[in-house]
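So the structure is just underneath, and the comments pick up after that.
Readers should treat all values here as calculations from the given coordinates under stated rules, not as data from a laboratory. Everything quoted here is computed from the prediction, not taken from an experiment. Here the Cβ positions follow ideal geometry from the backbone for every residue, glycine too, while neighbour counts run over all protein chains shown.
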Amino acid sequence: MRTAHARVSQRATDPDAATEALANDVRFYLNQNPRQLPSKYLYDALGSALFDAICQLPWYRVTRAELALLARHAPDILGAFAPGDRLVELGPGNGAKLATLVAGGLPPKLPIEVHLVDVSDAALATAARGLTGFESLRIVTHEATYETGLLQVSREAGGERRTMVLFLGSNIGNFDPDAGVAFLRKVRSALRSGDSLLLGADLRKPEETLKLAYDDPLGLTAAFNLNLLVRLNRELDADISLEGFRHEALWNEEASRVEMHLVSRKSQRIRIPRAGVDLTLRDGERIWTESSYKYEPIQITRLLERCGFRVRSQWVDNDARFALTLAAGD
C-alpha cells in the first residue's frame, strides 16, 4: 500500500518581506519605459488556478505535449536513479508533470528526495499533495525564488547523492536571452559532477497558433493577465479599475517571443499607495506583463552548452512543437 509522507517546508521570506518586495518591484517596473510588471507576480493563488485551467484549453498544447514526452521517456530520464538521489523542480505547478515522471521512471519503493521550489505556498501545497501517494518519497518544499531555493538544496547536498533539476513548462521562455543565460549558469553552478538538468522549452510555430494559445476564445488568458491588477488592489491598496484595461497578446517575430500586455482603454490615473505609485496612463498605453520566447531545438542545445552543460538527449513533439532536453552538469 502506498502511504502519504510528511511535507517538510522551508520558507525563505516572511509575508511582510514578500509584500515589500512586490511593492518595490511594482514601483521600479511601472516607471520603466515601456511600463512593465514582472511576470512572476501573475501567479498568486487565483493566478495559479487560472493557469492550470489554461493548460486544459485545446489551443494551449504545451502541457499535454510535455506530459506525453515525460510519460514516454521517463525510464530514459530517471533510469540511473539510485536510493537517496534527489529531484528538484523549480516552479512545480500542480505537480502533475513530476508525478507523471516519477510514476513512469522510478521503481515503486525507491527512496528519493523531492524538493519543490516556488514563491507561492498555495502552489507548493497543491504540488506536494499530488505526490503524497508515492511510496518512499521525502517531499521538501521551499517557498522561495528559484535561485534561493536551489541554493538551499545545494547546501544540503552530500555524499554520492545525485541531483536532477527540473525546469519544465517552458518557464525558460519567460527569461529574455541574457537573463536566461545568467539563470542557467546559476543552475549549473549549483550542480556537481554527475548532476543533471531536464529543461522544457516551447518551439517556434505559426503566428495564428500562438495567438490562439495566448488570447484564447474563452478569455481565460485575459482573466489570468487582468488578475495581476486584482492582486495589486488586494495586496498594495491600489484603486485600479479592471474595466479600464484589456488583455493583448502580440507575436514579436524579430525577437521570437509572444508578449502579453495590459492596455489602458482610456486616459486614466492609477494609485498604488503601498508602492508609492501615482501615475497617469494614456489611452492605448501598454503595461508589459510577460514575454514567452520560442526556440528551435538547436538553439536550446547551444544555450545549454553556452552555460556549461553537455546535452545528453533531446526529445521533440513535432506536432505540438515542444522539446524536452536532458543535459549533464559535468
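Annotations
- Each residue of the range 1-156 gets 137 Å³ once the volume of the Cα convex hull is shared out per residue.
- With a cut-off of 18 Å on the backbone N, the residues of the range 59-75 near the modelled label site 7 Å out from residue 136 along Cα-Cβ are 74-75.
- Cα-based equivalent ellipsoid of the range 117-163: semi-axis lengths in Å, sorted from largest, via gyration tensor: 20, 17, 5
- For the range 75-231, convex hull volume per residue from C-alpha positions, Å³: 141 Å³
- Surface/4 of the Cα convex hull for the chain, nm²: 16.3 nm²
- The residues neighbouring residue 237, those whose beta-carbon lies less than 10 Å from its own, together hold a net charge of +1 under the Lys/Arg +1, Asp/Glu -1 convention.
- 20 °C / 1.002 mPa s Stokes-Einstein diffusion coefficient of the range 180-323, Kirkwood radius on C-alpha pairs, µm²/s: 120 µm²/s
- Ranked by the mean number of other Cβ atoms within 10 Å of their residues, highest first, the peptides 273-286, 78-91 come out as 78-91, 273-286.
- For the chain, adding -39500 (n - 2.57) for each run of n ≥ 4 DSSP H residues and dividing by the number of residues yields -11500 deg cm²/dmol at 222 nm.
- Shape class of the range 53-131 from the alpha-carbon gyration tensor: oblate, with a/c at 1.5 or above and b/c at least as large as a/b.
- Over the range 207-250, the fraction of Cα-Cα pairs per 10 Å bin, rounded to whole percents and listed from the shortest bin up, is 27, 46, 22, 6.
- Under a Gaussian network description of the chain, with springs only between Cα atoms under 10 Å, the residue in 308, 200, 173 that fluctuates furthest is 308.
- The equivalent ellipsoid of the range 190-266 has semi-axes of 31, 21, 11 Å, largest first, where each one is the square root of 5 times an eigenvalue of the Cα gyration tensor.
- With a threshold of 20 Å on the Cα-Cα distance, the over-threshold entries among 97/186; 40/186; 205/294 are 97/186.
- Between the range 254-330 and the range 100-124, the alpha-carbon centres lie 26 Å apart.
- A cut-off of 5 Å between modelled amide H atoms, ignoring neighbours fewer than 5 places along the same chain, links residue 142 with 10, 116, 117, 118.
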